[in-house]
Amino acid sequence: MPLLGVNIDHVATVRQARQTDEPDPVWAAALCELGGADSIVVHLREDRRHIQERDVRLLKETVSTRLNLEMSIAPSIVALALKHKPDQATFVPEKRQELTTEGGLDVIRFFRSIRQAVSRLRGAHINVSLFVDPESPQIEKAKETGCLAVELHTGSYAQAKTAQQRTRQLQKLKKAIACGTALGLTVHAGHGLTYRNVGAVAQLGGLHELNIGHSVVSRAILVGLERAVREMKHLVCVEQR
Ligand code: PXP
């Protein structure tokens, strides 16, 4: 069975909505680890819409499992990764206007710049993974960059509307896992996975880790809300006495 990487970007999204200091993703990371997370994932975007450099710095000090930094290949971000040295870096494509990472890296088109970024991080002994669509040509080209792992984009599976479409996407993922494994790459997967759709992917076999963010943070808000209100109610009532 795969390991679980928990992406805590959206804890920082809530903090940034008020430009304040809560909820703190560093605290959230510790709670994720208590819950069994095998790694903590954060995406330091160029526009700093959620995770900040301060978070990466403190997470690097405090995470006791593994810190996986999602990042673009922009030189300024590569420099930050070299400064903070996460245990793993996952290169993803990044567009300013997107709500979330929209597709996998086009490793064939941007091969030279991706290979250069991979080589800089590998030189600092950072384990590098490339986020790619589940397509053999992209995975084969990823191997040529010198990365050690690929993360397969599960967005098309997550968005499949019918059972037939879902089966087709699962078959594509299975083929991609076989391709990556045959090339000697560690194969991860993620994006759009939820409590409803994760089971079939976890059961595919051959996946080392699943990275899940939005669904876990969404559920945390709902399962934690009643307790949060009870605690506030207590303070309000105590104050009235
Ligand atoms: N893996 C990668 C490479 C991602 O970019 C993201 C989103 O930040 C995830 C996994 C997690 O996706 P989600 O938030 O939909 O679970």
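The values are calculated or read from the model by the stated rules, or taken from the named source; none is laboratory data. None of the values given here were measured: they were computed from a predicted structure. Here Cβ is always computed from backbone atoms with ideal geometry, including for glycine, and neighbour counts include all displayed protein chains. For the accessible areas, the whole protein counts, side chains as well, though only heavy atoms, and no ligand, DNA or RNA atoms are used. Shrake-Rupley method; radii C 1.70, N 1.55, O 1.52, S 1.80 Å.
Per-structure values
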quantity: Tally of residues being of a type in the set (V, I, T) and within 14 Å of the chain's Cα centre (by Cα) across the range 131-162; calculated: 3
quantity: Residue list for the range 1-29, restricted to those being open to solvent by 50 Å² or more (accessible area, probe 1.4 Å), in a helix (DSSP H, G or I) and either of a type in the set (G, A, S) or in contact with a Ser or Thr (Cβ under 9 Å, 6 or more places away or on another chain) (or both); calculated: H10, A17
quantity: Hits in the range 150-176 - residues which are open to solvent by 10 Å² or more (accessible area, probe 1.4 Å), more than 28 Å from S218 (Cα to Cα) and among the aliphatic types (A, V, I, L, M); calculated: none
quantity: Inter-residue pairs, beta-carbon under 8 Å, first under 19 Å from L31 (Cα atoms) and in the range 196-224, second assigned to a strand (DSSP E or B) and acidic (D, E), 6+ apart; calculated: N211/E151
quantity: Selection from the range 3-16 of residues that are more than 11 Å from the ligand (Cβ to nearest atom) and either of a type in the set (S, T, N, Q) or touching a His at 6+ places or on another chain (Cβ under 6 Å) (or both); calculated: A12, Q16
quantity: Qualifying residue in the range 158-167 (condition: of a type in the set (K, R), under 23 Å from L4 (Cβ atoms) and within 15 Å of the ligand (Cβ to nearest atom)); calculated: no
quantity: Residues within the range 92-106 that are in contact (Cβ under 8 Å) with a residue 60 or more places away in the chain and crowded, with 19+ Cβ neighbours inside 10 Å, tallied; calculated: 1
quantity: Hits in the range 189-235 - residues which are open to solvent by 90 Å² or more (accessible area, probe 1.4 Å) and either at pLDDT below 95 or within 13 Å of the ligand (Cβ to nearest atom) (or both); calculated: Y195, R196, H214, R219
quantity: Pair list, Cβ under 7 Å, 6 or more apart: the range 65-88 residue on the phi > 0 side of the Ramachandran plot, other residue open to solvent by less than 10 Å² (accessible area, probe 1.4 Å); calculated: K85/I126
quantity: Count - residues of the range 147-174 that are in a helix (DSSP H, G or I) and out of contact with any helix residue (DSSP H, G or I) (no Cβ under 7 Å at 6 or more places or on another chain); calculated: 11
quantity: Among (1) touching a strand residue (DSSP E or B) at 6+ places or on another chain (Cβ under 9 Å); (2) open to solvent by less than 70 Å² (accessible area, probe 1.4 Å); (3) under 20 Å from N211 (Cα atoms) - the single one K60 does not satisfy; calculated: (2)
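Let's see how each residue does on (1) more than 14 Å from the ligand (Cβ to nearest atom); (2) modelled with pLDDT of 95 or more; (3) over 13 Å from A142 (Cβ atoms); (4) open to solvent by 10 Å² or more (accessible area, probe 1.4 Å):
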site	(1), (2), (3), (4)
L80	yes, yes, yes, yes
K85	yes, yes, yes, yes
T90	no, yes, no, no
I108	yes, yes, no, yes
Q116	yes, yes, yes, yes
